[in-house]
Amino acid sequence: MTLAELGGAIAWWSPDPRGILPLDNLRVTRSLRQSAKRYEIRVDTCFGEVIRACGDPSRASGWITPAFVDAYTELHRLGWAHSVEVFDRAGTLAGGLYGVRVNGLFAGESMFYAQRDASKVALIALVGLMRDNGMSLLDVQWHTPHLATLGATEITRARYLELLAQAIASP
């Protein structure tokens, strides 16, 4: 469903089944590991650029409106929304992702790439950061073929809500 089909409203999605990426299930191929060596990872240095790139209107099925960007930029200012950014050796933003963190949960919203594998490298970095910080739940919302190649899986809404409660309760 697109924003146009919703009359332009921002909707809250709770898919069943739900896509998650178990932190111990991340699949990183040898070629992706090699590709990652070309990039530098930063966190929260250019949140606005990342969310705008994710919301590029030329992308198919665009759903990130200016109002959505404004809302998430405010969440970022308040310390709830975060971005993982991937830069090439020339210092150009090559890809990234953003989402919301609440205790042990990171709810991924969207990712983009302008250079090969950059969004995947951002995801690898996010998983590492989550592990380092004792986080437990990476919510990717939808189980897509792309995310499945990286280790994402589907769980029932009931199981998701159990994991969510545990993640939110963790410090």
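FYI, it's all coordinate maths here, none of it is from the lab. Please read these numbers as outputs of a predicted model, since none were measured by experiment. When we count neighbours, we look across all protein chains shown, and the Cβ atoms used for this are built from the backbone with ideal geometry, even at glycine.
Structure above, values below:
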| read-out | value |
| --- | --- |
| In sequence order, calculated HN-Hα J values of segment 137-153 (Karplus, 6.51, -1.76, 1.60; Hz; x Gly/Pro) | 10, 10, 8, 10, 6, 10, 8, 9, x, 4, 5, 4, 5, 9, x, 5, 9 |
| Built amide H within the under 5 Å cut-off of Ser170, gap 5+ | Gly104 |
| Segment 65-148, dipole about Cα centre (Lys/Arg Cβ +1, Asp/Glu Cβ -1), debye to the nearest 20 | 180 |
| Residue-averaged 222 nm ellipticity for the chain, from DSSP H runs of 4+ at -39500 (n - 2.57), nearest 500 | -10500 deg cm²/dmol |
| Table column - 3J(HN,Hα) (Hz), segment 32-48, Karplus curve with 6.51, -1.76, 1.60, x for Gly and Pro | 5, 4, 5, 4, 4, 5, 7, 10, 10, 9, 9, 10, 6, 8, 8, 3, x |
| Whole-Hz couplings from phi, Karplus 6.51/-1.76/1.60, listed for segment 94-108; x for Gly and Pro | 9, x, x, 8, 8, x, 10, 10, 9, 6, x, 9, 10, 9, x |
| Cut-off under 5 Å, modelled amide H: who pairs with Ala94 long-range | Val86, Phe87, Asp88 |
| Positive minus negative residues near Tyr160 (Lys, Arg vs Asp, Glu; Cβ under 14 Å) | -1 |
| Area projected by the alpha carbon convex hull of segment 106-159, averaged over all directions, nm² | 4.1 |
